[in-house]
Every structure is written in C-alpha cells, then in structure tokens.
Amino acid sequence: MAQIIDGKGVAANVRESVREDVEALKKNGVTPGLAVVIVGDDPASRTYVNNKKKACAQAGIYSEEYALPATTSQAELMELVDKLNHKKDINGILVQSPLPKGLDETAVVEAIAPEKDVDAFHPSNVGRIMIGNFHFLPCTPAGVIELLKSAGVEISGKNCVVIGRSNIVGKPMAMLLLHQNGTVTICHSKTHNLKEICRNADILIAAVGRRHFVTADMVKPGAAVIDVGINRDENGKLCGDVDFAEVEKIASCITPVPGGVGPMTIAMLLRNTVTAAKLQNGLEA
Ligand code: NAD
C-alpha cells in the first residue's frame, strides 16, 4: 500500500513557518497585507475566499476583501486593481477566478503590479519562472513540489508526467519539475498513447478535472502519484482525478483528495504574500 501524503500536515508546517516569519516582520514594523477580490456570487469562489481570509488571520497577515457584484464592469474592476497596486498596506493582490462572463480575466491579471502578483499569473512572473529567476512560484505547483519533498521523492533524473497543460497548473508544474532536474512530459487532451506515457512515469501528476481519470493500469508500480484534480463523485463528495482506491495499491506514495494538494495551495499563497512584503520593504526574501 502507498504512503498517503498528508497535505494538511505539510501545509500546517508551511503555515507555521509563515506565521513565525510574519511575527519577525512585525517586529521590524512590517505587516504583510493581502487584498482578495471576488466578483459575483459563485459559491465555490466564496468558500475559497473565506478559507484564504481565515488562513491569513491565523498567520497574522492583514487581509482585505473586496466583494463586487456580478454586474461590475471591466473598467470598475481595473480601477480597483489600480487602486490596490498603489495601496501601501497591501503587498499581495489576488483576484479570485473564475470571473463572471463578460469580464476579461487576462487583462485583469496583466493589470496587477508584478511585485504584488502573489498568484504568479502575470506574464512577467510567468516569464521569470520560465528562466528560473523568480520571486513567486505559482501556488498549486509549488505546493506539489513541497509535497514530493515531504515524502522524500527524488525528482532529479526521474520521468515526470504531468497530465494537463493549463496556465495555472499543468504548464508551471512542468516547469518547476524541470527546475528540479526532472525529465518532463506534458500530456493533454490531444495526446496519443496516454496510458503508455503515464505508465513510464516515476512521478505522475494529474491536473485534468475529471474524476477517476487516472486508473491503476496507467500507473507504474512504485510511482509517486499527485492528484491536483478537484471533482465531485456521484454522491456529491469531493474527489480527485485519480482512482484512489485502486492506485493506492500500487503507487509508492499518493495524495488524497481532499487533504492533499488543496491545503498546500493556500499555504503557498501565504508564503508568497510574505515574500512580497519582504521584497517591497527592501528585505531579503
Ligand atoms: P483546465 O480545465 O484548465 O485544464 C485541464 C487540462 O486537462 C487541459 O490542459 C486538458 O488538455 C487536459 N485534459 C482534458 N481532457 C484530457 C484527456 N482526455 N487526456 C489528457 N488530458 C486531458 O483545468 P486546471 O485549471 O488546470 O485544473 C485542473 C484540475 O485541478 C481541476 O479539477 C481543478 O479544479 C483542479 N485544481 C486544483 C487546485 C488545488 O488547489 N488543488 C488548484 C487549481 C486547480
């Protein structure tokens, strides 16, 4: 049976180290601040925003919420981002996605000052990640790397397969594995021979968004399996992309859903907010 990677536990450790960092910063007169912008009333987004605010409070990070109606115009949203870019007590800006239809998410992301872009979605930060000269790492992929490290998984020289090529998970995930000297393959909806490619993976990362997508016959015995997916099963319960019950029997380690990658995403957001506060105050990050 696989080792179950305890994302909650690893995230709690990251959050505790962030809390200690915040305490030290406050002694230097710096309180890290995060602005969270939510537009519309998507229930999942509301839950994410509430969790992020709660996590900030526990870490001692100052947070502000800007809840705007779904009828908000692009110009109004851009005006708010501009205001937050100039707000001294705000070091990080997070605009919760998805935005309601009609709003241009790309334009909003590009309007955020790169030094306050704690999601690391701005093209300038994406480019920095590409060349390996970055301040912030995208939260979910960075969380995955932490989980692999916590389980003692060596990435260097290993065959790493990422299923999914989105800008927020798949692509940056592949890049971070590459920075760790993994040999990386990115698979997507047009990939041929997905099963064979996955069966060759020492480290398999699923970021598709389809339940039971990764079955046991796609997994090499002894592989490390990280499940980024967040789905609902037939009973409405949260589940990932991986057929956990079957894959657990052959993997060396595996993340559960919930309790795997999810908690890490918020922990890494807190870490990025502290990094942003340090950089904006001329302190070493
Ligand atoms: P997305 O929809 O943008 O991307 C899905 C990817 O899956 C695409 O690149 C697509 O090519 C690929 N795909 C679809 N069908 C495929 C197939 N048949 N074979 C191979 N590849 C296929 O989604 P995303 O934003 O990258 O998110 C992926 C999943 O991760 C979702 O379930 C999302 O909810 C979850 N997620 C979790 C966290 C977290 O904190 N745990 C954070 C972000 C996203």
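The values are calculated or read from the model by the stated rules, or taken from the named source; none is laboratory data. All figures in this text were calculated on a predicted structure; none of them were measured in a lab. When we count neighbours, we look across all protein chains shown, and the Cβ atoms used for this are built from the backbone with ideal geometry, even at glycine.
Yes or no: residue 248 without any contact (Cβ under 8 Å) to a residue 40 or more places away in the chain and either of a type outside the set (Ser, Thr, Tyr) or out of contact with any Leu (no Cβ under 6 Å at 6 or more places or on another chain) (or both)? Here the answer is no, as residue 248 does not meet what is asked.
Mind listing whichever residues of segment 186-207 are aliphatic (A, V, I, L, M) and either loosely packed, with under 13 Cβ neighbours inside 10 Å or within 9 Å of the ligand (Cβ to nearest atom) (or both)?
Step one: of segment 186-207, the residues aliphatic (A, V, I, L, M) are 186, 194, 197, 201, 203-207.
Of everything in segment 186-207, those that are aliphatic (A, V, I, L, M) and either loosely packed, with under 13 Cβ neighbours inside 10 Å or within 9 Å of the ligand (Cβ to nearest atom) (or both) turn out to be 186, 194, 206, 207.
Rundown of residues vs (1) at pLDDT 95 or above; (2) within 13 Å of the ligand (Cβ to nearest atom); (3) farther than 24 Å from residue 253 by Cα; (4) in contact with a helix residue (DSSP H, G or I) (Cβ under 7 Å, 6 or more places away or on another chain), yes/no style:
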site	(1), (2), (3), (4)
85	yes, no, yes, yes
119	yes, yes, yes, yes
127	yes, no, yes, no
153	yes, no, no, no
157	yes, no, no, no
169	yes, yes, no, yes
173	yes, yes, no, yes
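Taking every residue in segment 225-236 that is under 20 Å from residue 250 (Cβ atoms) and pairing it with any residue that is of a type in the set (Lys, Arg) and within 14 Å of the ligand (Cβ to nearest atom), at least 6 positions away or on another chain, the pairs with Cβ-Cβ distances below 9 Å are 229/210; 229/211. Evaluating residue 85 against the criteria (1) within 17 Å of the chain's Cα centre (by Cα); (2) in a helix (DSSP H, G or I); (3) surrounded by 13 or more Cβ atoms within 10 Å (Cβ to Cβ) leaves one unmet condition, (1).
Residues satisfying the criterion are absent from segment 148-158 (criterion: within 18 Å of the chain's Cα centre (by Cα), closer than 26 Å to residue 96 by Cα and of a type in the set (A, V, I, L, M, F, W, C)).
Looking only at segment 129-136, decide whether some residue is within 16 Å of the ligand (Cβ to nearest atom), modelled with pLDDT under 95 and part of a loop (DSSP other than H, G, I, E, B). So that I can check it myself, show each step before the final result.
So the first thing to find is which residues in segment 129-136 are within 16 Å of the ligand (Cβ to nearest atom), and the list is 129, 136.
Keeping just the survivors that are modelled with pLDDT under 95 gives 136.
Still in the list and also part of a loop (DSSP other than H, G, I, E, B): 136.
Yes, the conditions are met somewhere in segment 129-136.
The C-beta contact set for segment 158-174 (first residue on the phi > 0 side of the Ramachandran plot, second residue within 6 Å of the ligand (Cβ to nearest atom) and not aliphatic (A, V, I, L, M), distance under 6 angstrom, 6+ apart or interchain) comprises 164/170. Residue 257 fulfils the conditions (1) more than 9 Å from the ligand (Cβ to nearest atom); (2) surrounded by 22 or more Cβ atoms within 10 Å (Cβ to Cβ); (3) over 24 Å from residue 158 (Cα atoms) except for a single criterion, (1).
Quick check on my filter: what residues within segment 214-236 are within 12 Å of the ligand (Cβ to nearest atom) and closer than 18 Å to residue 4 by Cβ?
Selection gives 214, 226, 227, 228, 229, 230.
For residue 285, the criteria (1) outside any loop (DSSP other than H, G, I, E, B); (2) away from the ligand (no atom under 16 Å from the Cβ); (3) surrounded by fewer than 24 Cβ atoms within 10 Å (Cβ to Cβ) hold in every case but one, which is (1).
Taking residue 190, is it over 26 Å from residue 52 (Cβ atoms), charged (D, E, K, R), out of contact with any helix residue (DSSP H, G or I) (no Cβ under 7 Å at 6 or more places or on another chain) and modelled with pLDDT of 95 or more? Outline the logic, then answer.
Working: over 26 Å from residue 52 (Cβ atoms): yes; charged (D, E, K, R): yes; out of contact with any helix residue (DSSP H, G or I) (no Cβ under 7 Å at 6 or more places or on another chain): yes; modelled with pLDDT of 95 or more: yes.
Yes, satisfied.
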